[in-house]
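Asks: Below is a structure I'd like to ask you about.
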Amino acid sequence: MCGIVGLFLKDRSMEPQLGSLLSEMLVSLSDRGPDSAGIAIYGSAKEEAGKITVQSPAPDEDFPGLDRELAAAIGRDVNLSERSTHAVISVPLTKMEEAKAAIARLRPRMRLMGAGGAVEIYKEVGLPEKVVERFGIPGMGGTHGIGHTRMATESAVTTLGAHPFSTGPDQCLVHNGSLSNHNNLRRELTREGMTFETENDTEVAAACLSWRIARGMDLGSALEASLDELDGFFTFVVGTKSGFGVVRDPIACKPAVLAETERYVAFGSEYRALAKLPGVEDAKVWEPEPSTVYFWEH
């Protein structure tokens, strides 16, 4: 049944609290998904700077020396910051694709979690409380973020099968529900040049959005198009570099609630995920309508 959360900060003074608030929101929904958990944190992007988040099953072997080897491979300075099984590698934006290819060559067992100018993605098998503690999420700041706790229904319980799924620069998606036509869409998108790491239906949904955004659609238009091409039951929360969006399928059988104040917009699968947010008692609170796209941008 899964639990999903999202928090978009309008008030910049709240940015140091983003990780703490998102962590508390996600932990409150732990009983909705005991298998794995993950969070995407969007920080302030630095001009000409990019970030690549990677995961390793053997970080003690894979991370030491990787910054030096990668710098030699791309001919530019590289910074590597470790967080448990994940590392965030900072490289010039102009070297992002070259760096990703070099990482795959230098450390073939490592997996890409996400990349862009602002996003960092952390996900692992386990309950939200353990996952956010493992990566130090409560101490992280940022402008917005999304999170997920998973109850697996159609693919393996693995790090790669956990949400968020990222299939484009600074783009990621979390999902509660199941898609019935994901295999056909995966084949179509593969013919269009998209690549997939898992058999998970959510990765297909993320790729559909990324494919459309890469062809000039904004987030709102891409989400509206998803209503026509995706079959099944779903609530999606999507993160981009500048904001986040929410959409539910036409039947809208998966629970969802939004709250908005002058300081933030928050999403939760259930109201209890929002109950401890500052000022929520004065928020506009509503259930998102079926087949309706909601999105906010900085």
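The values are calculated or read from the model by the stated rules, or taken from the named source; none is laboratory data. All values reported here derive from a predicted model rather than from experimental measurement. Glycine also receives a Cβ, built like all others from the backbone with ideal geometry; neighbour counts cover every protein chain displayed. Side chains included, ligands, DNA and RNA excluded: accessible areas come from the protein's heavy atoms. Shrake-Rupley method; radii C 1.70, N 1.55, O 1.52, S 1.80 Å.
Asks: Please list, or write none, the lysines whose alpha carbon is within less than 27 Å of the alpha carbon of residue 276, excluding same-chain residues fewer than 8 places away.
Replies: List returned: 10, 123, 130, 241, 254, 284.
Asks: Let me ask something additional. With every protein chain left in place, what is the accessible area per residue of region 85-227 in square angstrom, probe 1.4 Å?
Replies: Normalised by residue count, the accessible surface of region 85-227 is 39 Å².
Asks: By how many nm would the segment from residue 192 to residue 112 lengthen if fully extended, with 0.36 nm per residue of separation less the alpha-carbon distance?
Replies: 26.7 nm
Asks: On to the next question. For region 231-284, with every protein chain kept in place, what is the accessible area per residue (1.4 Å probe, Å²)?
Replies: 39 Å²
Asks: On to the next question. So what is log10(I(q)/I(0)) for region 44-166 at q = 0.17, 0.18, 0.19, 0.21 1/Å, when the Debye sum runs over its Cα atoms only?
Replies: For the requested q values the scattering log ratios are -0.88, -0.98, -1.08, -1.28.
Asks: Now a separate question. Put a dot 7 Å past each Cα toward the Cβ at residue 284 and residue 46; how far apart are the dots in nm?
Replies: For residue 46 paired with residue 284, the spin-label model returns 3.7 nm.
Asks: What's the carbon and sulfur percent of the chain's accessible surface, probe 1.4 angstrom, rounded to a whole number?
Replies: Roughly 49 percent, rounded to a whole number.
Asks: Separate question: By average Cβ neighbour count within 10 Å, what is the ranking of 108-116, 67-75 from highest down?
Replies: The peptides rank, most packed first, as 108-116, 67-75.
Asks: Listed highest first by mean packing, meaning other Cβ atoms within 10 Å per residue, what order do 88-96, 58-66, 203-211, 244-252 come in?
Replies: The most tightly packed comes first, giving 203-211, 244-252, 88-96, 58-66.
Asks: How big is the dipole moment of the chain about its Cα centre under a simple scheme where the beta carbon of each Lys and Arg is +1, that of each Asp and Glu is -1, and everything else is neutral? Debye, nearest 20, please.
Replies: Dipole magnitude for the chain comes out near 460 debye.
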